[in-house]
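Notes for the one structure printed next.
Read-outs throughout are calculated quantities, based only on the coordinates presented, and are distinct from any laboratory measurement. Small disclaimer: the values here were computed from a predicted structure and weren't measured. No Cβ is skipped: glycine too gets one built from the backbone with ideal geometry, and neighbour counts run over all protein chains shown.
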Amino acid sequence: MRVIALIFAVTLAGQAMAETTFDDFSGDAEARWDYVADRVMGGVSSGRAEVIGTGPDSVLRLTGTVSTANNGGFLQARRRFSDPWPEGVQGLDLRVRGNGARYYVFLKTPDLSRVWYSYRASFVASPDWTDVRLAFAAFEASHDAMPTRFDPSEVRSIGIVAYGDDFQADVTVARISLY
């Protein structure tokens, strides 16, 4: 079940716009989020994704060792969903903290022809809680064979991903909202 809450943000034009919380990791978040590593494709990365805390203090934490050995290089906490995001949403707001490394958000639509295809945007997770805003227009196709743009209402999977380099992953997400 989607977690819905409304808070207000101010647009650059000065008009109030509703912001929808997609997930704040309360309720049955462990049932909504899956952990996936490159081991499904022969890689050797290892880690875990866990929901820590209860109620409004719940967070999602992704930790582990990302290794590019054996054609690997990712750890992912992923949520699949069937309800479309609201019309007119422009991007994602995330409340994150971590170890100063670069992380990614991967979005998937049903029309992608390969399981490893996604639309990707990156962020740095600083040691202090930080709000990160990722416009959908900033997401890039992972492969040339994909369409370059996507319709946000078609997104059916979101992943918080440690990807692409050899490093120790440690990123915590307190909230994901749509703006």
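Are there GluC sites (Glu not before Pro) in the range 20-100 that DSSP marks as loop and that have at most 14 other Cβ atoms within 10 Å, and which are they?
Working: sites: GLU30, GLU50, GLU87; in loops: GLU87.
Loop-located and lightly packed - GLU87.
Dipole of the chain, Cα-centred, from +1 at each Lys and Arg C-beta and -1 at each Asp and Glu C-beta, to the nearest 20 debye?
Numbers: 18 positive and 22 negative charges, 43 e Å.
Around 200 debye, computed over the chain.
What trypsin sites (Lys or Arg not before Pro) does the range 139-179 have in DSSP loop regions with at most 13 other beta carbons within 10 Å?
On the way: sites: ARG149, ARG156, ARG175; in loops: ARG149, ARG156.
Sites meeting the loop and neighbour criteria: ARG149.
Using a Förster distance of 30 angstrom, determine the FRET efficiency expected from the C-beta separation of THR54 and VAL124, and round it to 0.05.
On the way: r = 28 Å, r/R0 = 0.94.
Efficiency at R0 = 30 Å is approximately 0.60.
Relative contact order of the range 11-108, please, whole-number percent, based on alpha carbon pairs below 8 angstrom and at least 6 residues apart.
Values: 125 pairs, mean separation 23.9, N = 98.
Averaging sequence separation for qualifying contacts and normalising by length gives 24 percent for the range 11-108.
Once you list every other residue whose beta carbon is under 10 Å from the beta carbon of ARG80, what net charge do they have if Lys and Arg are +1 and Asp and Glu are -1? Mind showing how you got there, number by number?
Values: positive: ARG32, ARG78, ARG79, LYS108, ARG156; negative: ASP34.
Taking every other residue near ARG80 into account, the sum is +4.
Work out the FRET efficiency for ALA101 and ASN71 from their Cβ-Cβ distance, taking R0 = 35 Å, and round it to the nearest 0.05.
Details: r = 21 Å, r/R0 = 0.60.
E(calc), rounded to 0.05, equals 0.95.
Report the dimensions of the range 6-178 along its three principal axes from the alpha-carbon atoms, largest first, rounded to Å.
50, 39, 28
Report the label-to-label distance for GLU140 and VAL36 in nanometres (one decimal), using points 7 Å from each Cα along the Cα→Cβ vector.
Going by the 7 Å Cα→Cβ label model, 2.1 nm.
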